[in-house]
1. Helix by helix, which DSSP H runs in the chain go 30 Å or more along their axis at the Cα atoms and have an average Kyte-Doolittle hydropathy of 0.5 or more?
2. May I ask for the distance between the Cα centers of the range 28-53 and the range 74-140, given as a whole number of Å?
3. Need one word for the chain: rounded, prolate or oblate. Basis is the Cα gyration tensor (sqrt eigenvalues a ≥ b ≥ c); a/c below 1.5 gives rounded, then a/b vs b/c decides.
4. Counting only pairs 8 or more places apart or on different chains, how many lysine pairs in the chain have C-alpha atoms closer than 25 Å?
5. Obtain the nm distance between the two label points defined at E140 and M65 by a simple spin-label model: each point lies 7 Å from its Cα along the Cα-to-C-beta direction.
6. Given a 1.4 Å probe and every protein chain left where it sits, what share in percent of the accessible area of the range 30-143 is carbon and sulfur?
7. At 1.4 Å probe size, with every protein chain present, just tell me what the per residue accessible area of the range 19-144 comes to in Å².
8. What spacing in nm lies between the two simple spin-label points modelled at K102 and D17, each 7 Å away from Cα in the Cβ direction?
Amino acid sequence: MTDGNGKAEPRPPRAIDREIEYLRTRLDRSLAELDRRRHELTDIRLQMRKHPAVFIGAGVAVALMLGGVGFAIYRSRKREELPQKAKRLRTAFRRAVEEPEKVARAEPPVWQKMAAAVGTTIAVSLAKKMVERTWNSTVEAGRT
């Protein structure tokens, strides 16, 4: 140990050995506890017994996602069938005849122009930064 002046006070070797042995024992216990917890966390069966609601919820979420993907695939294939295409085309023509002014506007509103300009500026800025980073990392990799 040191006093306020930075000088170490002499300690007997046995005291140092006892302190080292004490610290080693504490470290061994901590490592054993960490190892036990790691085994417990990676034991799926134990986690299922401890937290069944979490696994049920996760299973339901996965089932819903897979069901949604399956339904989306089914609907997209169904939309490609000829009767469905003809129905959508008939609806589009009916809307065009009923309200022709909505088919194509002469000029977009100001807020759309502003949003497009801001979006384009942001996209260009991000793309430029990505290109610069890629270029710099490639140049640095070439140096090593």
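The values are calculated or read from the model by the stated rules, or taken from the named source; none is laboratory data. Note that this is a predicted model, so its numbers are computed, not measured. Positions of Cβ are generated from backbone atoms using ideal geometry, with glycine treated the same way; all protein chains shown enter the neighbour counts. What goes into the accessible areas is simple: the full protein's heavy atoms, side chains included, and nothing from ligands, DNA or RNA. Shrake-Rupley method; radii C 1.70, N 1.55, O 1.52, S 1.80 Å.
1. Values: long enough: 13-42 (43 Å, -1.24); 52-79 (40 Å, 0.96); 110-143 (50 Å, 0.06).
Those that pass (Cα extent of 30 Å or more, hydropathy at least 0.5) are 52-79.
2. Each part reduced to its Cα centre gives a spacing of 50 Å.
3. Working: a/c = 4.21, a/b = 1.97, b/c = 2.13.
Oblate.
4. Details: K78/K87; K85/K102; K87/K102; K102/K113; K113/K128; K113/K129.
Taking the chain as the scope, the lysine pair count is 6.
5. Distance between label points: 3.3 nm.
6. Working: 6880 of 10490 Å².
Carbon plus sulfur share of accessible area: 66 percent.
7. Details: 11760 Å² over 126 residues.
Solvent-accessible surface per residue comes out at 93 Å².
8. Label at K102, label at D17, 9.4 nm between them.
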